[in-house]
Amino acid sequence: MTRTAERVKRADAVASTGSCDLHPPGCVRFGHCAPDFWSDSLDQVLGIDRSVHLSFANWLAAVHPDDRKQARTELEKFALSSGEYRQVDYRTCAPHGEGRWINTRCRMLRNSNGAAIRLVGAAIDVTERQRAAEAIRSSEQFKSALLDCLSHDLATPLTTMKLESVSLLR
């Protein structure tokens with residue numbers, strides 16, 4: 001392995017990322033592809049077993065059932081569009097354990113006529129970011145409920161005390 005490849009491999013491991021280079025891009029539409037490049041770390045990020053033939057169908061099978069339709073639709077629209085860049089978030093249902101949140105970013109390389117000639121992509125494990133965002137949402141909901149409860153529970157006795165103090169002053 002070259003020195004550059006070793007550095008990329010270490011960086012992928014640190015960042016929980018993986019990358020691929022697919023040709024032809026039609027594999028997104030038709031499910032037939034043999035990647036020109038598929039990093040070892042991409043298997044781990046996506047939860048795909050390297051011994052299984054790499055295909056769009058196998059990738060889609062690793063996507064959480066509730067997210068499959070959206071992920072497939074987004075990538076198929078991308079393959080048919082004239083766009084150059086697409087980003088899709090989805091969950092995986094990894095066979096080796098806990099599902100993960102993945103952010104996939106793809107760039108379509110096109111020839112001078114605009115035809116797709118190559119799809120380059122990266123997948124990033126954003127599970128910790130999603131968990132942190134969910135914890136913040138839960139915390140905000142709890143805080144809001146607590147403040148609602150406190151304002152009601154404090155308002156009643158305070159109103160009574162205010163009325164009593166006014167009557168005492170008379």
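The values are calculated or read from the model by the stated rules, or taken from the named source; none is laboratory data. These numbers come from a predicted model, not from an experiment. Neighbour counts run over all protein chains shown; Cβ positions are idealised from the backbone, glycine included. Accessible surface is based on the protein model in full, side chains and every heavy atom, while ligands, DNA and RNA are left aside. Shrake-Rupley method; radii C 1.70, N 1.55, O 1.52, S 1.80 Å.
Take V88 and decide whether it is surrounded by 15 or more Cβ atoms within 10 Å (Cβ to Cβ) and over 17 Å from C20 (Cβ atoms).
Values: surrounded by 15 or more Cβ atoms within 10 Å (Cβ to Cβ): yes; over 17 Å from C20 (Cβ atoms): no.
No; evaluated as a whole, the condition is false for this residue.
Determine whether I136 is modelled with pLDDT of 85 or more and surrounded by 12 or more Cβ atoms within 10 Å (Cβ to Cβ).
Working: modelled with pLDDT of 85 or more: yes; surrounded by 12 or more Cβ atoms within 10 Å (Cβ to Cβ): no.
Here the answer is no, as I136 does not meet what is asked.
Regarding region 108-125, can at least one residue be identified that is at negative phi, under 19 Å from the mean Cα position of the chain (by Cα), at pLDDT 80 or above and open to solvent by 60 Å² or more (accessible area, probe 1.4 Å)? Scanning region 108-125, I find no residue that is at negative phi, under 19 Å from the mean Cα position of the chain (by Cα), at pLDDT 80 or above and open to solvent by 60 Å² or more (accessible area, probe 1.4 Å), so the answer is no.
Here D12, D43 are screened, and the one residue that is of a type outside the set (G, A, S), at pLDDT below 85 and farther than 23 Å from A132 by Cα is D43. A single entry from A79, A94 fulfils the requirement of being open to solvent by less than 60 Å² (accessible area, probe 1.4 Å), modelled with pLDDT under 80, of a type in the set (G, A, S) and closer than 18 Å to E128 by Cβ: A94. Contact map, region 108-123: first residue closer than 9 Å to D21 by Cβ, second residue assigned to a loop (DSSP other than H, G, I, E, B), Cβ cut-off under 6 Å, separation 6 or more or different chains; pairs are R118/H23; L119/P25.
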